[in-house]
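Participant: Pasting in a structure now, in structure tokens, and then I'll have a few things to ask.
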Amino acid sequence: MSRSPRHDKILQLVRENGFMPIEELARLLDVTPQTIRRDINQLCEANLLRRYHGGAALGSSVENEDYFARKGKFQSEKAHIADMIASSIPDHASLFMSIGTTIEAVAQALTSTHKGLRVITNNIHVASIMSTNPDFTVMITSGTVRASDGGITGVATLDFINQFKVDYAIIGVSGIEPDGSLLDFDYREVRVAQAMMSNARHRYLAADHSKFGRNALVRMGHISEFHTVFTDALPPEPVTKLLEEQGVRLVLTEA
């Protein structure tokens with residue numbers, strides 16, 4: 001889904017009011033109720049809203065979408081983001097790679113194009129993908145494996161990560177607020193991502209367009225803490241302005 005300015009306005013109104021009736025959205029945006037219903041359907045498919053009788057509210061802030069549902073969405077966009085990130089990583093670099101389906105796409109892109117990488121990850125799927133390249137050294141963290149998506153978290157995970165200082169941290173995120181706050185659903189996962197960020201010389205954020213404006217419970221940090229943001233569409237104006245003011249490089253995919 002390509003987000004339109006009207007989609008962003010719908011999200012803003014729902015965020016400000018908690019729930020917005022279809023008829024009220026149609027009146028405020030000067031379009032037909034049928035158009036609003038179509039917009040709401042698209043935003044629900046992107047997991048940005050939840051549809052209710054007569055209107056819409058924000059998606060759940062406490063429960064992430066099923067892993068396989070997430071993996072099946074925006075595959076082309078994630079692949080383009082992955083290619084752009086891979087083109088920015090030199091051979092023989094050291095990397096942290098976090099949990100997330102976009103990060104798994106990055107793993108696939110790096111595995112087919114690079115040599116001599118040293119990778120530390122708390123993502124079982126990333127480790128499985130990248131270990132197929134015999135020229136890579138792949139280390140998987142200690143910790144507790146999350147059955148839902150193969151992510152590894154916990155105190156042991158933090159202890160393992162804090163032993164290293166790497167060239168690049170490639171981090172995913174569940175939601176990005178208009179003020180630049182980065183959000184996720186699991187505080188244990190957030191602590192691991194923060195440790196990766198603290199122990200990397202360069203920090204890359206990988207986020208497809210559906211993450212902008214998405215709701216989640218746990219604050220991971222701020223978008224200004226990253227050196228580069230990779231995404232597939234221009235972020236909402238407040239975020240774009242913030243990146244420019246903070247000197248964060250924004251890389252858009254060619255697609």
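Participant: Taking into account only those residues within region 144-188 that are more than 21 Å from residue 128 (Cβ to Cβ), of a type outside the set (A, V, I, L, M, F, W, C) and part of a strand (DSSP E or B), which is modelled with the highest pLDDT?
Facilitator: The selected residue is 167.
Participant: Taking region 138-193 only, how many residues are under 20 Å from residue 46 (Cα atoms), among the polar types (S, T, N, Q) and surrounded by 18 or more Cβ atoms within 10 Å (Cβ to Cβ)?
Facilitator: Counting residues in region 138-193 that are under 20 Å from residue 46 (Cα atoms), among the polar types (S, T, N, Q) and surrounded by 18 or more Cβ atoms within 10 Å (Cβ to Cβ) gives 1.
Participant: Given the residues 225, 254, 244, which is the only one that is open to solvent by 60 Å² or more (accessible area, probe 1.4 Å), closer than 21 Å to residue 12 by Cβ and acidic (Asp, Glu)?
Facilitator: Result: 244 is the single residue among 225, 254, 244 that is open to solvent by 60 Å² or more (accessible area, probe 1.4 Å), closer than 21 Å to residue 12 by Cβ and acidic (Asp, Glu).
Participant: If you don't mind, there's one more thing I want to ask. Given 202, 222, which one is modelled with pLDDT of 95 or more and farther than 14 Å from residue 173 by Cβ?
Facilitator: Sole residue among the options that is modelled with pLDDT of 95 or more and farther than 14 Å from residue 173 by Cβ: 202.
Participant: Being free of Cβ contacts under 8 Å to residues at least 24 places away in the same chain and hydrophobic (A, V, I, L, M, F, W, C) is the filter here; which residues of region 136-158 pass it?
Facilitator: Passing the criteria: 138, 139, 140, 145, 147, 155, 156.
Participant: Answer with yes or no whether residue 162 is within 25 Å of residue 224 (Cβ to Cβ) and more than 22 Å from the chain's Cα centre (by Cα).
Facilitator: Criteria met by residue 162.
Participant: Could you please let me know if residue 99 is part of a strand (DSSP E or B) and buried (at least 22 other Cβ atoms within 10 Å of the Cβ)?
Facilitator: So residue 99 does not fit the description; no.
Participant: Among the listed residues 128, 94, 112, which satisfies the condition of being touching an Asp or Glu at 6+ places or on another chain (Cβ under 6 Å) and not basic (Lys, Arg)?
Facilitator: 94
Participant: Quick one: is residue 10 closer than 19 Å to residue 233 by Cβ, among the hydrophobic types (A, V, I, L, M, F, W, C) and open to solvent by less than 50 Å² (accessible area, probe 1.4 Å)?
Facilitator: yes
Participant: Follow-up question, since we're still on this one. How many residues are out of contact with any helix residue (DSSP H, G or I) (no Cβ under 7 Å at 6 or more places or on another chain) and either closer than 13 Å to residue 71 by Cα or modelled with pLDDT under 95 (or both) when one looks only at region 84-111?
Facilitator: Adding up the residues that qualify gives 1.
Participant: Tell me the residue from 206, 216 that is touching a strand residue (DSSP E or B) at 6+ places or on another chain (Cβ under 8 Å), among the hydrophobic types (A, V, I, L, M, F, W, C), within 16 Å of residue 85 (Cβ to Cβ) and open to solvent by less than 40 Å² (accessible area, probe 1.4 Å), please.
Facilitator: Just a single option satisfies the conditions, and that option is 206.
Participant: Another question, if that's okay. Taking the stated definitions as given, is residue 47 more than 22 Å from residue 170 (Cα to Cα) and surrounded by fewer than 16 Cβ atoms within 10 Å (Cβ to Cβ)?
Facilitator: The answer is no for residue 47.
Participant: Could you please let me know if residue 107 is in contact with a Cys (Cβ under 8 Å, 6 or more places away or on another chain) and open to solvent by less than 10 Å² (accessible area, probe 1.4 Å)?
Facilitator: In short, no.
Participant: Among the helices (runs of 4 or more DSSP H) lying completely within region 1-95, list those that include at least 1 residues that are touching a residue at least 40 places away in the same chain (Cβ under 8 Å) and farther than 28 Å from residue 189 by Cβ.
Facilitator: 5-17
The values are calculated or read from the model by the stated rules, or taken from the named source; none is laboratory data. Quick caveat: nothing in here was measured; it's all calculated off a predicted structure. Neighbour counts are summed over all protein chains in view; Cβ atoms, including those assigned to glycine, are modelled from backbone coordinates with ideal geometry. For accessibility, only protein heavy atoms count, side chains too; no ligands or nucleic acids. Shrake-Rupley method; radii C 1.70, N 1.55, O 1.52, S 1.80 Å.
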